[in-house]
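Worksheet: the structure to be examined is printed underneath.
The values are calculated or read from the model by the stated rules, or taken from the named source; none is laboratory data. Predicted, not measured: the structure shown is a model, and the values here were computed from it. Here the Cβ positions follow ideal geometry from the backbone for every residue, glycine too, while neighbour counts run over all protein chains shown.
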Amino acid sequence: MLSVSALTAMRAHAQEARRAGRRIGFVPTMGALHAGHLALVTAARARSDIVVLSVFVNPLQFGPGEDFARYPRDLQRDTTLAAAGGVDVLWAPSRDAIYPEAPQVTVVPGPAGDRLEGAIRPGHFGGVLTVVLKLFGVVQPDVAVFGRKDFQQAALVRRMVRELNLPIDLVVSPTIREPDGLALSSRNVYLDAVARAAAAALPRALAFGVEAFRSGERNAAALADGARTVLDAERGLTVDYAACVADDLEPQVSADERSVLVVAARAAGTRLIDNVVLGEGLEEDIRVAG
């Protein structure tokens, strides 16, 4: 595996690969790699000749009081995991490489970026889309892979790719879960035993919604309220939202098989998000053994 940090080196390597006719797959991450990220690498490998994984903790997507300073960083461990996972190029640029000056030109996500996570974290998705576009500009991938756990992020990146006419195939890979259903996240390392037990209410809430849908419930508000009831019953959680939306993030009155039930809550101050496509269910996600 080739490890690079300079933007120019990454661009040169990508240009060489394209000249050789090689299809480039790209997995953008903020590091703290886990099995979920490696599943994205596997998905990229299946669709490309060379897999690039970036590690960059993007300051533009963190708001005041959020965990930018303490976000887990361990590039040596990430390098080892990336190499073992089949990454061809690990790109870990510095902050100055990505933002040589305070950005004045940024991506505006539109109304869908102000809902759900956007309402809780104002400006977050503008920061996400801006950095993703900058990374795309350097790597110029043929395919980019994102995880479904970050459903709203993936939907907004898909919209950006479509509206800006970017020649990129966007793949959204299933969520990787712990045996009890908790979605893998780099922030899970913040959870102590008590908070970890409380966090398991998120997949339980999603499972409740799926079962209600399979039993014939189609009222989107009722499905969301049922999931929220499960979360509210867990004393260790502070609930931010539960909602049932279309796969393009639009609000819904009546749910269908493509509708997405999304939840967000805090366990001992650690913010967790999760979602499920109602017509698929949690069993469609890939589970981690052990």
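Of the residues examined, Val189 is one that is under 21 Å from Ala32 (Cβ atoms), touching a residue at least 60 places away in the same chain (Cβ under 8 Å) and surrounded by fewer than 18 Cβ atoms within 10 Å (Cβ to Cβ). Within region 41-62, being surrounded by fewer than 19 Cβ atoms within 10 Å (Cβ to Cβ) and aromatic (Phe, Trp, Tyr) holds for one residue alone: Phe62. Looking at region 252-266, is at least one residue assigned to a loop (DSSP other than H, G, I, E, B), in contact with a Phe, Trp or Tyr (Cβ under 8 Å, 6 or more places away or on another chain), surrounded by 14 or more Cβ atoms within 10 Å (Cβ to Cβ) and among the hydrophobic types (A, V, I, L, M, F, W, C)? Within region 252-266 (the criterion being assigned to a loop (DSSP other than H, G, I, E, B), in contact with a Phe, Trp or Tyr (Cβ under 8 Å, 6 or more places away or on another chain), surrounded by 14 or more Cβ atoms within 10 Å (Cβ to Cβ) and among the hydrophobic types (A, V, I, L, M, F, W, C)), the answer is yes, since at least one residue qualifies.
If you take the residues in region 274-290 that are charged (D, E, K, R), modelled with pLDDT of 75 or more and outside any loop (DSSP other than H, G, I, E, B), which one is surrounded by the fewest Cβ atoms within 10 Å (Cβ to Cβ)?
Only one residue fits best here, namely Glu283.
Among the residues of region 142-152, not a single one is under 22 Å from Ala46 (Cα atoms), surrounded by fewer than 23 Cβ atoms within 10 Å (Cβ to Cβ) and small (Gly, Ala, Ser).
When you check Ala69 against the structure, is it at pLDDT 95 or above and either surrounded by fewer than 20 Cβ atoms within 10 Å (Cβ to Cβ) or not assigned by TED's automatic domain parsing to the domain that holds Leu182 (or both), yes or no? When the stated conditions are applied, Ala69 does not pass them.
Inspect all residues belonging to region 202-213 and state whether any of them is more than 15 Å from Val260 (Cβ to Cβ) and touching a residue at least 60 places away in the same chain (Cβ under 8 Å). No, there is no match, as no residue in region 202-213 is more than 15 Å from Val260 (Cβ to Cβ) and touching a residue at least 60 places away in the same chain (Cβ under 8 Å). Taken over region 156-166, the residue count meeting the criterion of being part of a helix (DSSP H, G or I) and either surrounded by fewer than 20 Cβ atoms within 10 Å (Cβ to Cβ) or of a type in the set (Ser, Thr, Tyr) (or both) is 5.
Scanning region 102-117 for residues that are assigned to a helix (DSSP H, G or I) and surrounded by fewer than 21 Cβ atoms within 10 Å (Cβ to Cβ) yields a total of 3. Screening Asp248 with (1) over 25 Å from Arg196 (Cβ atoms); (2) part of a helix (DSSP H, G or I) gives one miss only, at (2). The residue that is nearest to Phe68 (Cα to Cα), among those in region 80-101 that are assigned to a loop (DSSP other than H, G, I, E, B) and of a type in the set (Gly, Ala, Ser), is Ser94.
How many residues are touching a Gly at 6+ places or on another chain (Cβ under 9 Å) and surrounded by fewer than 23 Cβ atoms within 10 Å (Cβ to Cβ) if we restrict to region 128-141?
0
Apart from one condition, Ser186 fits all of (1) in contact with a helix residue (DSSP H, G or I) (Cβ under 6 Å, 6 or more places away or on another chain); (2) farther than 30 Å from Gln15 by Cβ; (3) hydroxyl-bearing (Ser, Thr, Tyr); the exception is (1). What do you reckon, is Phe136 part of a strand (DSSP E or B), over 21 Å from Ala242 (Cβ atoms) and in contact with a strand residue (DSSP E or B) (Cβ under 9 Å, 6 or more places away or on another chain)? Judged against the criteria, Phe136 is not a match. Among the residues here, Leu90 does not qualify as within 19 Å of Phe56 (Cβ to Cβ), at pLDDT 95 or above and within 18 Å of the chain's Cα centre (by Cα). Could you look through region 167-182, keep only residues that are more than 18 Å from Thr42 (Cβ to Cβ) and charged (D, E, K, R), and pick out the one that is surrounded by the most Cβ atoms within 10 Å (Cβ to Cβ)? If we take residues in region 167-182 being more than 18 Å from Thr42 (Cβ to Cβ) and charged (D, E, K, R), then Glu178 is surrounded by the most Cβ atoms within 10 Å (Cβ to Cβ).
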